[in-house]
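For reference, the structure is listed below as structure tokens.
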Amino acid sequence: MGFLSVLSAAQRWVAERAAPGSVAIDATAGSGVDTLFLARTVGAGGHVYAFDVQEAAIARTRARLEAAGRAGEAPASGGRRGGSAGGGLAPVTLLLAGHERMAELVAPEHRGAVRAVMFNLGYLPGEGGDRRVITRPETTLAAMEAALGLMAPGGVLTAVVYPGHEGGDAEAEAVERWMAALPPTVAQAVQYRYPQKPASPYLLALEKR
Ligand SMILES: C[S@@+](CC[C@H](N)C(=O)[O-])C[C@H]1O[C@@H](n2cnc3c(N)ncnc32)[C@H](O)[C@@H]1O
């Protein structure tokens with residue numbers, strides 16, 4: 001049977017903590033896989049923010065949400081706040097902006113109420129993605145600090161890190177050091193990793209106290 005992939009483990013940890021009606025953030029929208037997962041998980045009564053610095057990523061995410069809408073889920077609201085509810089998907093605010101700006105871009109009524117923040121670091125694979133646009137330790141850590149400030153107690157932050165990519169090893173170490181230094185009264189940190197595959201992506205996560 002095998003253990004869960006790191007991406008599935010991240011989704012499971014989020015699903016266990018973000019009930020329907022919650023606010024959630026996809027910090028790295030990319031192709032929108034996690035954005036759609038979050039929109040389904042928190043449902044029409046919740047709200048999702050999705051950040052990316054690439055137009056191509058925002059376009060892919062919007063297309064994925066719209067396809068889910070056409071397949072019978074609630075229509076997604078690309079780029080606006082408070083889109084239509086009434087089906088299974090949460091309204092999604094798509095933001096062409098760096099995740100390091102999340103403290104300022106999340107609506108005041110959602111600050112302190114966020115139940116899940118997902119990071120999937122690295123670059124956008126596939127056609128239309130620019131592999132030179134990668135997440136960087138300085139902005140990643142600034143975003144994680146901001147995320148912690150926006151989260152509700154009991155909320156979860158997940159980060160899939162890529163030690164096998166150029167620059168990804170330094171970023172993975174920076175995230176790990178930052179999490180390890182957080183006082184246990186602020187958050188509990190955990191790691192999910194395959195020790196036989198040291199270059200494979202692994203998952204770091206926090207539960208806010
Ligand atoms: C590995 S991909 C994310 C994959 C995505 N979660 C999915 O399900 O397809 C990483 C993404 O981070 C984005 N990115 C890079 N720097 C960023 C920043 N400062 N803020 C937000 N997104 C950023 C890249 O453009 C890229 O799309």
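The table for this structure:
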{"read-out": "Residues satisfying the stated conditions in the stretch 151-171, i.e. surrounded by fewer than 23 Cβ atoms within 10 Å (Cβ to Cβ) and either in contact with a strand residue (DSSP E or B) (Cβ under 6 Å, 6 or more places away or on another chain) or assigned to a strand (DSSP E or B) (or both)", "value": "Ala152, Pro153, Gly154"}
{"read-out": "Residue in the stretch 45-60 that is farthest from Arg111 (Cα to Cα), counting only those that are of a type in the set (D, E, K, R) and buried (at least 17 other Cβ atoms within 10 Å of the Cβ)", "value": "Arg60"}
{"read-out": "Residue count for the stretch 109-125, restricted to those that are surrounded by fewer than 14 Cβ atoms within 10 Å (Cβ to Cβ) and either within 10 Å of the ligand (Cβ to nearest atom) or within 16 Å of the chain's Cα centre (by Cα) (or both)", "value": "1"}
{"read-out": "Of all residues making up the stretch 95-139, the number that are under 12 Å from Thr28 (Cα atoms) and of a type in the set (A, V, I, L, M, F, W, C)", "value": "11"}
{"read-out": "Filtered residue count, the stretch 113-140, keeping only those that are part of a loop (DSSP other than H, G, I, E, B), in contact with a strand residue (DSSP E or B) (Cβ under 6 Å, 6 or more places away or on another chain) and of a type in the set (Gly, Ala, Ser)", "value": "1"}
{"read-out": "Residue within the stretch 89-101 that is closer than 21 Å to Phe37 by Cα, at pLDDT below 95, assigned to a loop (DSSP other than H, G, I, E, B) and out of contact with any strand residue (DSSP E or B) (no Cβ under 7 Å at 6 or more places or on another chain) present", "value": "no"}
{"read-out": "Unique match (being in contact with a Gly (Cβ under 9 Å, 6 or more places away or on another chain) and modelled with pLDDT under 95) among Ala44, Ala76", "value": "Ala76"}
{"read-out": "Residue in the stretch 126-150 that is surrounded by the fewest Cβ atoms within 10 Å (Cβ to Cβ), counting only those that are touching a residue at least 60 places away in the same chain (Cβ under 8 Å) and over 12 Å from the mean Cα position of the chain (by Cα)", "value": "Gly126"}
{"read-out": "All positions within the stretch 10-56 that are outside any loop (DSSP other than H, G, I, E, B) and within 16 Å of Gly122 (Cβ to Cβ)", "value": "Ala10, Asp26, Val33, Asp34, Phe51, Asp52, Ala56"}
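The values are calculated or read from the model by the stated rules, or taken from the named source; none is laboratory data. Nothing here was measured: the structure is a model prediction, and the numbers come from that model. Here the Cβ is made from the backbone with ideal geometry for all residues, glycine too, and neighbour counts use every protein chain on show.
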